[in-house]
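The block underneath contains the structure these notes are about, expressed in structure tokens.
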Amino acid sequence: MAAPQEPDDIRASDQDRHRVAEQLHAAAADGRITLDELGERLGTLYSARTYGELAPLTRDLPVEVVGRPVPEVAPGDAEGPSVSVAVLSGCDRTGQWVVPPRHTAVAVLGGVRLDLRHARFSGRDTTITAVAILGGIEITVPDHLDVVVDGFGLLGGFAGHSTGSGSGGPRVRITGLALLGGVDVKRATPEIGPGGKELPS
């Protein structure tokens with residue numbers, strides 16, 4: 001059995017390098033680094049191959065853009081259920097679960113809670129269809145997700161306060177219907193650890 005891959009050894013993508021370049025340009029504009037330093041770091045950036053090589057480029061800057069890769073599904077990991085149903089009851093999906101590319105949540109006179117803060121995704125694009133009929137569905141997303149909310153309410157509410165781009169994570173579309181019920185999509189507040197640094201979600 002192969003040993004677990006260290007995060008610093010994982011190959012960086014073009015999107016990762018682009019995010020670091022944006023932070024470096026912002027730091028130069030703020031006067032945090034000189035133009036010479038910007039040129040040196042950009043030269044190193046575009047030759048970097050792994051997360052371990054990218055991390056030092058922003059380590060002394062106040063906002064960390066280069067996080068660890070979004071948790072991927074390891075070989076042998078089973079996808080989580082494609083349906084969450086609560087009829088006159090409740091259903092919770094929390095913790096470390098694997099979200100399939102398409103998931104449907106249905107609440108009829110009940111409640112469904114989907115917590116994606118520690119979830120892993122089997123694909124880069126995920127669609128969650130939420131249907132609340134005289135019930136409620138609460139979906140919590142972490143700050144790194146790119147979220148699109150386009151459901152609607154009919155004599156109910158379909159609130160998508162978390163809509164917007166994250167920091168390079170998967171793209172999640174949340175759609176569906178709230179009929180005499182409610183669907184609430186909210187972005188979790190980042191957890192702050194010792195030294196004031198944001199903890200990975």
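Evaluate E = 1/(1 + (r/R0)^6) for residue 46 and residue 104, where r is the Cβ-Cβ distance and R0 equals 41 Å; express this FRET efficiency to the nearest 0.05.
Details: r = 42 Å, r/R0 = 1.03.
With a Förster radius of 41 Å, E is 0.45.
All other residues with a Cβ under 9 Å from the Cβ of residue 93 taken together, and with Lys, Arg as +1 and Asp, Glu as -1, what is their net charge?
Overall, the nearby charge balance is -1.
Project the alpha carbons of the stretch 11-53 onto their principal axes and report the range along each, largest first, in whole Å.
Sorted from largest, the Cα extents of the stretch 11-53 read 30, 15, 13 Å.
At residue 173 and residue 30, where each label point lies 7 Å from the Cα along Cα→Cβ, what is the point-to-point distance in nanometres?
Reported label-point gap for residue 173 and residue 30 is 3.5 nm.
Determine, for each peptide in 132-144, 102-114, the mean count of other beta carbons within 10 angstrom over its residues, then list the peptides with the highest first. Show your work: numbers first, answer last.
Values: 132-144: 21.8, 102-114: 19.8.
Descending packing order for the listed peptides: 132-144, 102-114.
Using amide H atoms built in the peptide plane, which far-off residues or other-chain residues are under 5 Å from residue 106 H to H?
The list, which skips near neighbours in sequence, is 84, 85, 86, 131.
Let me know the charge dipole size of the stretch 83-187 about its Cα centre in debye, to the nearest 20, where only the beta-carbon of Lys, Arg (+1) and Asp, Glu (-1) is charged.
Magnitude of the dipole: close to 200 debye.
Below 10 angstrom from the Cβ of residue 146, what's the summed charge of the other residues (Lys, Arg +1; Asp, Glu -1)?
Combined, the nearby Lys, Arg, Asp and Glu give +2.
Excluding residue 112 itself, what net charge comes from residues whose Cβ is under 13 Å from its Cβ, given Lys and Arg +1 and Asp and Glu -1?
So the environment of residue 112 carries a net charge of -2.
Taking just the alpha carbons, could you work out the radius of gyration and Dmax for the stretch 83-187, both in angstroms?
Rg and Dmax of the stretch 83-187, Cα atoms, are 12.5, 38 Å.
Values in this text are rule-based calculations from the coordinates and carry no lab data. All of these numbers come straight from a predicted model, not from anything done at the bench. Cβ coordinates were reconstructed from backbone atoms using ideal geometry, including for glycine residues, and neighbour counts include every protein chain displayed.
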